[in-house]
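The values are calculated or read from the model by the stated rules, or taken from the named source; none is laboratory data. Since the structure is predicted, the reported quantities are computational estimates derived from the model, not experimental observations. Every residue, glycine as well, gets a Cβ built from its backbone with ideal geometry; the counts of neighbours run over all protein chains shown.
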Amino acid sequence: MANKTWPHGPAHWTYEPGTYMVTAGIYRKKHLLDTANRRDMLLRELFETAKEFGWNLQAWALMSNHYHIVARAKDASSLAAFMRKLHGNTARKLNLEDDASGRRVWHQFWDTHITYEKSWLARLRYVNKNPEHHGVAKDAEAYRWS
């Protein structure tokens, strides 16, 4: 295993099992997930891909131009492959629907390894309340993509 103390470590240090918060955004913040059908598609793909890679989803919020998830895995080294497959599948479907072959859909993703219960609770709250924060729902519990 690589030395964890090197100063310019990789952007995604997912060598430890545990719970992670992941945020991903649409390229140039375009609102490509602007319909219920598109968010439904992303939600289906998210659940299928998480199951395939052994990630247990604990919280999620899908917006029109980004999403957040909190998930746990015994093998966190699969996170990059999980995201690559999720983003590849959803990008192909969106591009096919829009007749935009080759269009870049996803910008990148950010992850944080959650190691403290208070941090985990704060992130669960942040993700669960995200639809209210962005003004897409008055009550996040009523927002079907969260």
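Residues that are touching a Leu at 6+ places or on another chain (Cβ under 9 Å) and part of a helix (DSSP H, G or I) were ranked within the range 27-39; the one that is nearest to Ala142 (Cα to Cα) is Arg39. Arg92 meets the conditions (1) touching a strand residue (DSSP E or B) at 6+ places or on another chain (Cβ under 8 Å); (2) modelled with pLDDT of 95 or more in every case but one. The failed one is (1).
Would you mind stating whether Gly25 is touching a His at 6+ places or on another chain (Cβ under 6 Å), surrounded by fewer than 18 Cβ atoms within 10 Å (Cβ to Cβ) and either closer than 14 Å to Val127 by Cβ or at pLDDT 95 or above (or both)? Write out each step before concluding.
Working: touching a His at 6+ places or on another chain (Cβ under 6 Å): yes; surrounded by fewer than 18 Cβ atoms within 10 Å (Cβ to Cβ): yes; either closer than 14 Å to Val127 by Cβ or at pLDDT 95 or above (or both): yes.
Yes.
Determine whether Arg84 is surrounded by fewer than 16 Cβ atoms within 10 Å (Cβ to Cβ), outside any strand (DSSP E or B) and out of contact with any Ser or Thr (no Cβ under 6 Å at 6 or more places or on another chain). When the stated conditions are applied, Arg84 passes them.
Determine if the range 59-67 includes at least one residue that is over 17 Å from Met21 (Cβ atoms), within 12 Å of the chain's Cα centre (by Cα) and crowded, with 16+ Cβ neighbours inside 10 Å. First the steps, then the outcome.
Of the range 59-67, the ones over 17 Å from Met21 (Cβ atoms) are 64-65.
Next cut, within 12 Å of the chain's Cα centre (by Cα) only: 65.
With crowded, with 16+ Cβ neighbours inside 10 Å added as a condition, the list becomes 65.
For the range 59-67, residues over 17 Å from Met21 (Cβ atoms), within 12 Å of the chain's Cα centre (by Cα) and crowded, with 16+ Cβ neighbours inside 10 Å: present.
When the criteria are applied in full, Leu121 fails the requirement of being under 14 Å from Leu32 (Cβ atoms) and loosely packed, with under 12 Cβ neighbours inside 10 Å. Taking each residue of the range 83-95 that is under 16 Å from Val22 (Cα atoms) and looking for partners that are assigned to a helix (DSSP H, G or I) and modelled with pLDDT of 95 or more with beta-carbon atoms closer than 7 Å, six or more apart or interchain, yields Lys85/Thr49; Leu86/Glu45; Leu86/Leu46; Leu86/Thr49.
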